[in-house]
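The structure appears below as structure tokens.
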There are 2 protein chains.
Amino acid sequence: MSDTTAGLLSQIAGTGRDEVRGGFSRPVFSAAERELLEWAREQCTRRGLDAEVDGNGVLWAWWNPAGHSLVDAVVTGSHLDSVPGGGAFDGPLGVASALRAVDLLRERDVVPARPLAVAVFPEEEGSRFGIACLGSRLLTGALPAERALALRDPDGTTFADAARRAGLSPDRIGRDDAALARIGAFVELHVEQGRGLIDLGAPVAVASSMIGHGRWRITVRGQGNHAGTTLLADRRDPVVAAAQVVLVVRAVAAEHPDTRATVGRFQPVPGGTNVIASRVDLWLDVRHPVDAVTAQVVEEIARRAADAVAGEGCTVELHEESSSPTVAFDAALRDRVSGALPGAPLLATGAGHDAGILAERVPSAMLFVRNPTGISHSPEEHVEDDDAERGSVALADVLQSLVG
Amino acid sequence: MSDTTAGLLSQIAGTGRDEVRGGFSRPVFSAAERELLEWAREQCTRRGLDAEVDGNGVLWAWWNPAGHSLVDAVVTGSHLDSVPGGGAFDGPLGVASALRAVDLLRERDVVPARPLAVAVFPEEEGSRFGIACLGSRLLTGALPAERALALRDPDGTTFADAARRAGLSPDRIGRDDAALARIGAFVELHVEQGRGLIDLGAPVAVASSMIGHGRWRITVRGQGNHAGTTLLADRRDPVVAAAQVVLVVRAVAAEHPDTRATVGRFQPVPGGTNVIASRVDLWLDVRHPVDAVTAQVVEEIARRAADAVAGEGCTVELHEESSSPTVAFDAALRDRVSGALPGAPLLATGAGHDAGILAERVPSAMLFVRNPTGISHSPEEHVEDDDAERGSVALADVLQSLVG
């Protein structure tokens with residue numbers, strides 16, 4: 001039980017590698033993600049934690065030596081799924097650090113006076129079913145079970161079917177107040193996904209707030225036709241129109257400081273080289289610290305996109321897939337976390353996390369660990385071994401102060 | 001043996017339907033395409049034709065009642081594969097009309113004085129392995145076998161492996177001069193893929209020329225990163241850059257009259273909603289009656305695209321995947337075909353066809369049948385039953401004049 005954080009991560013470094021994109025592709029319920037969950041469960045069991053997977057597919061592993069009833073628990077953890085071609089740390093670092101923190105508490109002879117649990121949430125990235133933090137949204141009721149069960153992955157498989165194949169029972173999926181009632185505080189450690197800690201010259205930060213964000217599916221419709229026989233004047237090409245939409249997104253975002261607006265998926269239908277597409281589906285991700293600005297940006301994008309595509313004889317529709325307001329983490333918990341980590345700076349994050357969803361129902365906090373590339377959702381995401389260990393020590397310090 | 005052309009097509013109307021895109025998806029070597037080939041072989045056998053599939057996967061079905069040696073044959077046919085979400089006629093109409101024409105010749109008590117064959121070519125669309133007219137290019141040697149065998153489909157399967165699974169032997173794939181030497185004339189009937197026959201008010205046309213075309217894979221490289229944490233100023237987003245490339249393609253094409261330039265495939269990598277892509281692969285299809293103009297258009301696109309993406313800190317590369325010069329069909333054969341069809345207009349086509357590839361080695365000709373929507377490579381492609389029958393009668397007239 002004396003593996004370092006980096007040592008724990010090295011155990012899963014061969015799982016879910018993406019030979020095409022580089023990095024890792026570990027979509028929820030894939031063989032790779034299931035293997036990681038099994039690994040996490042086994043690591044918890046080895047540490048004497050009492051591991052169970054609940055109806056939503058969340059792994060909870062309890063350390064409760066005093067046999068307290070399961071209320072007011074301190075829970076720490078993160079996720080194991082990844083974006084396509086993601087890095088090694090986004091998610092797994094928080095799980096490995098939770099395991100390492102348990103070891104450190106044991107080495108310090110800490111006996112928790114409150115129940116402590118390691119948790120792993122499914123589909124944090126939303127990279128398979130389109131809604132980020134799906135597991136925590138189901139748990140808290142932020143997403144109704146009926147809506148989640150009907151979601152489809154790019155192959156057309158429903159979440160209900162995929163969950164069933166992963167051994168879950170669709171009728172047990174959904175809001176779980178009993179599970180939430182057990183949590184007194186949730187602390188998630190995560191690799192930083194920007195350059196904040198590089199600039200601050202610090203290895204670990206405490207989260208101040210999580211910037212609100214939303215996802216919209218944009219459908220641009222034109223007229224499918226033959227690429228060789230259709231003269232330019234006769235075209236209503238949705239790829240040309242959707243390219244204009246991408247540039248509208250960038251232009252509107254640039255006019256509103258601090259906005260991050262991204263098109264990362266862009267799918268012409270049918271998608272043949274010698275075919276003028278009939279439709280393009282593209283996805284928009286917008287984030288801003290002020291929720292009203294996010295709404296205004298999306299409204300402007302919708303309006304200007306409609307103007308832009310009209311010139312090509314196309315139409316455009318926006319459909320909101322998810323939306324999360326800016327989250328200010330629980331002030332009292334944040335102060336206790338900061339108190340346990342003298343000198344650790346406060347940092348806002350533009351990324352979404354399960355901690356941000358849980359924050360709507362239970363006191364939640366986050367720690368960020370320095371990423372020397374500042375790059376994330378990419379194979380270039382990185383954490384130095386020493387910083388990973390510093391993160392686990394910081395997490396252990398925080399947990400000790402909360403359970404002591 | 002008295003099915004109409006429409007009746008023959010109705011036999012395969014349930015095969016390879018694409019419930020997502022609409023229309024049909026019948027990529028080469030898929031279950032659907034194999035089922036169609038089996039259907040065609042069985043239809044030929046029923047008609048007493050001697051059917052064989054050669055090393056390149058081309059079906060040849062011989063009608064040679066006089067037992068002539070197989071030289072100077074008249075061959076007619078087309079293809080059965082489709083683009084993703086394609087129509088019911090592009091390819092199958094030529095095969096069904098060939099079968100129907102054989103029936104009509106029998107009804108007319110024609111006994112061919114030259115061998116006559118029905119032929120079906122694989123991967124005409126290039127929708128699975130990226131190179132159009134793959135079967136005819138292999139047969140003529142226009143594409144070296146080594147290059148074809150190494151082609152990969154979007155799932156990473158090589159043409160060699162896919163061909164092997166379809167029962168072909170990779171070492172028999174490639175240039176086949178013996179097969180070509182049998183052909184005295186090749187006549188392909190095809191649905192028109194534009195509005196020419198609508199405007200002319202005629203059901204059937206004879207091809208004058210086939211406009212040259214090429215395909216280029218364009219790779220735009222940027223920097224993958226997190227959509228929430230990366231400020232606009234720090235981005236090198238290849239989706240934004242590739243959108244500019246799409247607009248450059250349109251702008252350059254518009255400056256050169258008669259140019260058709262299309263981007264129908266556009267794939268951000270990794271392609272996650274909350275991920276700034278690291279790369280976009282997009283495909284460019286360019287066609288112009290004058291080959292020098294095609295070359296000039298592509299050169300201008302490359303130059304202006306490089307300027308456009310530099311502003312986003314991205315790079316762009318063009319890689320030619322295929323290129324076919326403008327083909328003027330054999331004048332003597334064209335005149336014989338026109339002679340058999342008094343009143344049928346001459347029409348150039350912007351689409352590529354196996355007949356255009358074969359034309360480099362053997363006298364080739366084409367007939368086009370009216371498409372009342374003018375739309376092709378789309379479920380909206382259409383041929384009226386009466387026009388389909390008129391096409392088969394025209395094909396029978398042509399074949400009769402050639403074999404009589």
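Just so it is clear, none of the values below were taken in a lab; they were calculated from the coordinates. Predicted model only: the values in this text are computed from it and were never measured. With ideal geometry, Cβ positions are generated from the backbone for all residues, glycine too; neighbour counts draw on all protein chains shown.
Before moving on, here are some points about what is shown:
- Across segment A:16-54, the qualifying residues are those that are touching a strand residue (DSSP E or B) at 6+ places or on another chain (Cβ under 9 Å) and of a type in the set (Lys, Arg), and the one among them that is nearest to A:Ala132 (Cα to Cα) is A:Arg26.
- The residue of segment A:185-211 that is farthest from A:Val362 (Cα to Cα), among those that are buried (at least 18 other Cβ atoms within 10 Å of the Cβ), more than 13 Å from chain B (Cβ to nearest Cβ) and not aliphatic (A, V, I, L, M), is A:Pro203.
- Among the residues examined, B:Gly214 qualifies as surrounded by fewer than 24 Cβ atoms within 10 Å (Cβ to Cβ), within 12 Å of another protein chain (Cβ to nearest Cβ), touching a residue at least 60 places away in the same chain (Cβ under 8 Å) and of a type in the set (Gly, Ala, Ser).
- For segment B:321-334, a residue qualifies if it is more than 13 Å from B:Ser209 (Cα to Cα) and assigned to a helix (DSSP H, G or I), and exactly one does: B:Ala332.
- Considering the conditions (1) more than 9 Å from chain A (Cβ to nearest Cβ); (2) closer than 30 Å to B:Thr76 by Cβ; (3) in contact with a Ser or Thr (Cβ under 8 Å, 6 or more places away or on another chain); (4) free of Cβ contacts under 8 Å to residues at least 24 places away in the same chain, B:Ala331 is excluded by exactly one of them, (3).
- Those helices (runs of 4 or more DSSP H) of segment A:128-223 in which at least 1 residues are closer than 30 Å to A:His382 by Cα, considering only elements entirely within it, cover A:134-140, A:196-200.
- Condition check for B:Val95: among the β-branched types (Val, Ile, Thr) and touching a strand residue (DSSP E or B) at 6+ places or on another chain (Cβ under 8 Å): yes
- Whether a residue is within 14 Å of chain A (Cβ to nearest Cβ) and either of a type outside the set (Lys, Arg) or in contact with a strand residue (DSSP E or B) (Cβ under 7 Å, 6 or more places away or on another chain) (or both) was assessed, and B:Thr157 passes this test.
- Filter pass, A:Arg182 being more than 14 Å from chain B (Cβ to nearest Cβ) and farther than 24 Å from A:Pro27 by Cβ: yes
- Residue in segment A:236-249 that is assigned to a loop (DSSP other than H, G, I, E, B) and over 24 Å from the mean Cα position of the chain (by Cα) present: yes
- Residue in segment B:72-79 that is within 14 Å of chain A (Cβ to nearest Cβ) and out of contact with any Ser or Thr (no Cβ under 6 Å at 6 or more places or on another chain) present: yes
- Within segment B:220-241, considering residues that are more than 8 Å from every other protein chain (Cβ to nearest Cβ) and more than 17 Å from A:Ala254 (Cα to Cα), the one surrounded by the most Cβ atoms within 10 Å (Cβ to Cβ): B:Val220
- Candidates B:Ala117, B:Ala61, B:Ala51, B:Ala66 - the one that is assigned to a strand (DSSP E or B) and over 22 Å from the mean Cα position of the chain (by Cα): B:Ala51
- Residues (more than 7 Å from every other protein chain (Cβ to nearest Cβ), surrounded by 24 or more Cβ atoms within 10 Å (Cβ to Cβ) and either assigned to a loop (DSSP other than H, G, I, E, B) or under 25 Å from the mean Cα position of the chain (by Cα) (or both)) located in segment B:262-290: B:Leu282, B:Leu284, B:Val286, B:His288
- Single residue of segment A:341-384 satisfying the filter (among the β-branched types (Val, Ile, Thr) and within 19 Å of A:Asp291 (Cα to Cα)) that is nearest to the other protein chains (Cβ to nearest Cβ): A:Thr349
- Tally of residues being facing another protein chain (nearest Cβ under 9 Å) and touching a residue at least 60 places away in the same chain (Cβ under 8 Å) across segment A:248-260: 1
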